[in-house]
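Derivation of every value follows stated rules applied to the coordinates shown; laboratory data play no part. Keep in mind that this is a model prediction, so the values were computed, not measured. All Cβ positions, even for glycine, are placed from backbone atoms using ideal geometry, and neighbour counts span all protein chains on display.
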Amino acid sequence: MAGRQLASKWLKTEALLSDSRVAGYIPRTKGYNAAALSAMLKAYGNVVIKPIVGGGGHGVIKVFRDHRGYGFTYNHSTRVYGDFGSMKRALDRVKLKTAAI
């Protein structure tokens, strides 16, 4: 892995998972879609959506499920919705690029 530059977060994840020294520390990653997001929220309560290409935290969205319902934080603003469908529709409007969760 030394010296390799990888732009895609998928390629970075694959490279890290191929190294047994660090593979156990890599969070579960899935492509962004409604079913994957719902399953990850049920399993973990919080997920982070990241653009496939990018860096420096640009485009990162924290999505959560708690006692208030479903919500997300994007650009220092948190929005909360009563149900998954409402949250997902709003999230799709702010998500700029294909992403991984």
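Shape summary: the chain maps onto an equivalent ellipsoid whose semi-axes, from the alpha-carbon gyration tensor, are 27, 15, 11 Å in decreasing order. Modelled this way, with points 7 Å down the Cα-to-C-beta line, the labels at Ala90 and Leu11 are 3.6 nm from one another. When +1 charges are put on Lys and Arg Cβ atoms and -1 charges on Asp and Glu Cβ atoms, the dipole computed for the chain relative to its Cα centre reaches about 120 debye.
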